[in-house]
1. Between beta-carbons, use under 13 Å as the cut-off and find the net charge around GLY40, counting Lys and Arg +1, Asp and Glu -1.
2. Please give the per residue volume of the convex hull enclosing the alpha carbon atoms of the chain, rounded to a whole number of Å³.
3. Listed highest first by mean packing, meaning other Cβ atoms within 10 Å per residue, what order do 60-67, 40-47 come in?
4. What ³J(HN,Hα) values, in whole Hz, does the Karplus curve 6.51 cos²θ - 1.76 cosθ + 1.60 give for segment 31-41 when θ = phi - 60°, with x put for Gly and Pro?
5. Using a ≥ b ≥ c from the Cα gyration tensor of segment 6-61 (square roots of the eigenvalues), is it rounded, prolate or oblate, where a/c under 1.5 gives rounded and otherwise the larger of a/b and b/c decides, a/b for prolate?
6. For the residues ILE74, ILE15, what sequence is obtained by ranking on other C-beta atoms within 10 Å, fewest first?
7. Rounding to the nearest 20 debye, state how big the charge dipole of the chain is about its Cα centre with +1 on each Lys and Arg Cβ and -1 on each Asp and Glu Cβ.
8. When only Cα pairs under 8 Å and 6 or more residues apart are kept, what is the percent relative contact order across the chain?
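Nothing in this text is a laboratory measurement; each read-out follows from the coordinates by a stated rule. Every value quoted in this text rests on a predicted model; they were computed, and no experiment measured them. Backbone-built Cβ (ideal geometry, glycine too); neighbour counts: all protein chains shown.
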Amino acid sequence: MTAGDVWCDVCRRVIEDGRQVRGEVPDSSAVYVYDLGFDGRRFVTACSKEHLTVLRERYDRRPFVDEELWVGKIARVLDENHDALRVDRLAEATGLTVPQVERALEWQNARFARWWNQQCGVPAALSL
Ligand SMILES: [Zn+2]
């Protein structure tokens with residue numbers, strides 16, 4: 001395997017030049033640094049139409065969660081701004097509405113609290 005190799009996301013085999021089959025799947029965990037218009041879509045590569053179908057089926061089973069996408073957009077803005085941002089500024093910078101930012105943060109907090117509970121067995125006391 002060399003740096004320029006492209007491999008199949010299903011069988012992990014290196015795909016010969018020109019043989020790759022590409023597709024696009026909905027994925028609420030996909031956010032991009034440069035192509036913000038592609039947020040929520042993931043680009044996948046397979047060695048054959050059959051393996052592209054396998055990938056589409058995998059992503060079809062994964063729920064598309066709006067809050068997850070919004071958290072990704074918020075995280076992208078926070079990566080660039082190390083100072084704490086107010087919710088209204090965060091909304092402006094992410095292109096989301098204030099209620100969407102608030103819902104996304106609540107969703108992320110709930111997920112973190114669940115994870116913390118599983119790891120430590122004690123409820124996490126979180127506040128925004
Ligand atoms: Zn394959």
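1. Charge balance in the 13 Å sphere: -2.
2. So the per-residue Cα hull volume is 160 Å³.
3. Ranked from most to least packed, the peptides come out as 40-47, 60-67.
4. 10, 10, 6, 9, 9, 4, x, 8, 3, x, 10
5. Since a/c reaches 1.5 but b/c is at least a/b, the shape of segment 6-61 is classed as oblate.
6. Lowest count first: ILE15, ILE74.
7. 420 debye
8. Relative contact order comes out at 18 percent.
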